[in-house]
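The values are calculated or read from the model by the stated rules, or taken from the named source; none is laboratory data. The structure displayed is predicted, hence computed values, not measured ones. Ideal geometry is used to build each Cβ from the backbone, glycine not excepted, and the neighbour counts take in all protein chains shown.
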Amino acid sequence: MESKQAAPGAKTQRSAGGAWTFDVASQEFRLSQGACALLGLPAAGPFEEMLARMPVEAGERKHLRAAMRRCATDRVEFDLRLRLAAGGGGAMVRLMGGAVGEGRLAGAAFAADDEARLSGEVAERAAQFGSIMETALDGMVVIDDAGIMQSFSRAAERMFGLTAQEAVGQNVSVLMAEPDRTRHDGYIGHYLATGERRIIGIGRIVTGRRRDGSPFPLHLSIGETNVEGRRLFTGFMHDLTEERRSQSRTQQLQAELAHISRLSALGEMGSALAHELNQPLAAIGNYITGSRRLLADAGSPSAAKIEGALERAAEQVLRAGQIIRRLRDFVSRRAGERRQESVAKLVEEAAALGLVGAREKGVTLNFDLDPAYDALFADRIQIQQVLVNLLRNGLDAMDGAERRELKVSSRLVAPEVLEIAVTDTGAGIAPDAIARLFEPFFTTKPSGLGVGLSISRGIVEAHGGEMSAHNNPDGGATFRLTLPLRPKGAP
Ligand code: ADP
């Protein structure tokens, strides 16, 4: 499309076309800017005058006048190809028109050479796009650079419980749960201003919001297109609550978490065992040493044999201690894959995972994350495991509670130290439990394992942070963990 790429104001520039309207009573013929440029006419004027100024052959004018008349009297649509005279560039122009209401005609004027290619392509793309929007299993939404929804697919209608008619024209943030709901305009603004991609082409798990306000996890990926100088963003949305056993991101995350959970449970059990067994092992060791001394004094004929046996027993005691120590080291050595992680992403993914099934329980979830401190230095999977644990505990604690609200917040509590807090409106922590919460195997639940919090604290401490629990003044509990923003010694 050379004509479109020519510099503005350049002599060679020719418009691709535009629209026109005609009022039968006043005979006024109006043209859009593009049509004016194409036809070399002013924006408005009496039809006959405009026709006379149109740079076409006399015969062509006659055709156009007749077509307009038939259209005005009998509502017959027309589609004419006119050759512009040399003054108009000698090109072909296509003029289409039809009646659009009482006494009004309207239509379009294109440069015919462009039009053939353009309209073909546009029609083909529109058809492809339409059928994709109709049939795609994933929800699709197209928004403009102000966040206003331009189209909304069938699957998206089902996912959110909104019709396309209701959705189109609204800001896309109505589909989101907090914090994205209030921040989304800022996200687009940030991207348009800086070009920094946080989600475009990357994709991540976010919390969607259905028409009834209930949150649900969804995987969102976004593509960007440029349509005639307009920036449009297409979101592909996959509802994770209906996730089948596929290679999805949630499954992957869940598997990672389960794996690490097993490993840490092993480590935790190892530590507990080591702790518990150290004393009996030490006692056995002492008895053996004592027995060997007694044996030496007794002067029995089998003394040498018994002595040998006791020595081997002592070796085995040492070996048992080493095995347990190694088991313990094995897990605590997993300093893991620590890197710079986005707090929002970490928390949102953990929430999406931890709150599967929470919708049915009528639980609302709020985020209050300080956007000024979005980066943490941490092992994402381990910290997500901690958060999932805290969220699940919060859900458990709110079973049967009247108010069911979970909140995840973050704030800077010391230079370079971020605190993440999970607050619930549940039963609160029993007074006699508060001192023992973080002990391995401490649980007040009939089928609880009692390892969640002790593992969580282990993970947080391995990151150089701390974990604590408090009851809220107005009911429920808050669990806090602190984490460093940057690796030790980093600038
Ligand atoms: P489990 O959940 O298997 O019992 P945890 O180590 O995660 O193991 O929790 C230990 C105990 O701490 C729970 O049994 C419960 O008594 C208490 N607890 C944990 N989270 C909360 C909470 N949000 N509100 C009240 N009590 C809690």
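Here are the numbers for this structure:
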quantity	calculated
Some residue of the stretch 406-425 being assigned to a loop (DSSP other than H, G, I, E, B), modelled with pLDDT of 95 or more and under 29 Å from the mean Cα position of the chain (by Cα)	yes
Top-ranked residue in the stretch 350-382 [being part of a helix (DSSP H, G or I) and surrounded by fewer than 24 Cβ atoms within 10 Å (Cβ to Cβ); ranked as modelled with the highest pLDDT]	Arg380
Cross-chain or 6+ apart pairs with Cβ under 6 Å, the stretch 439-463 first and assigned to a loop (DSSP other than H, G, I, E, B), then near the ligand (Cβ under 8 Å from one of its atoms) and of a type in the set (Phe, Trp, Tyr)	Gly450/Phe442
Filter result for Ala490 (more than 8 Å from the ligand (Cβ to nearest atom), in contact with a Ser or Thr (Cβ under 7 Å, 6 or more places away or on another chain), at pLDDT below 90 and not aromatic (Phe, Trp, Tyr))	no
Qualifying position, being more than 7 Å from the ligand (Cβ to nearest atom), modelled with pLDDT of 90 or more and within 30 Å of the chain's Cα centre (by Cα), among Gly475, Gly465	Gly465
Total residues in the stretch 79-112, condition closer than 24 Å to Ala58 by Cα, at pLDDT 65 or above and not in a strand (DSSP E or B)	3
Residues of the stretch 383-401 classified as surrounded by 20 or more Cβ atoms within 10 Å (Cβ to Cβ) and away from the ligand (no atom under 12 Å from the Cβ), total	3
Residue within the stretch 436-455 that is β-branched (Val, Ile, Thr), near the ligand (Cβ under 8 Å from one of its atoms) and over 34 Å from the mean Cα position of the chain (by Cα) present	yes
Selection within the stretch 429-451 - of a type in the set (D, E, K, R) and closer than 17 Å to Asp396 by Cα	Lys445
From the options Arg411, Arg404, Arg380, residue that is in contact with a strand residue (DSSP E or B) (Cβ under 9 Å, 6 or more places away or on another chain), more than 16 Å from the ligand (Cβ to nearest atom) and farther than 21 Å from Leu240 by Cα	Arg411
Pair list, Cβ under 8 Å, 6 or more apart: the stretch 358-381 residue under 16 Å from Glu178 (Cα atoms), other residue of a type in the set (Asp, Glu) and assigned to a helix (DSSP H, G or I)	Phe367/Glu348
Which listed residue is crowded, with 18+ Cβ neighbours inside 10 Å, β-branched (Val, Ile, Thr) and either more than 8 Å from the ligand (Cβ to nearest atom) or modelled with pLDDT under 85 (or both), from Ile429, Ile459	Ile459
Residue within the stretch 320-330 that is within 18 Å of Arg183 (Cα to Cα), buried (at least 19 other Cβ atoms within 10 Å of the Cβ) and either more than 16 Å from the ligand (Cβ to nearest atom) or at pLDDT below 90 (or both) present	no
Single unsatisfied condition, Met467 versus (1) touching a residue at least 24 places away in the same chain (Cβ under 8 Å); (2) out of contact with any Lys or Arg (no Cβ under 6 Å at 6 or more places or on another chain)	(2)
Failed condition for Tyr373, given (1) farther than 17 Å from Glu341 by Cα; (2) more than 12 Å from the ligand (Cβ to nearest atom)	(1)
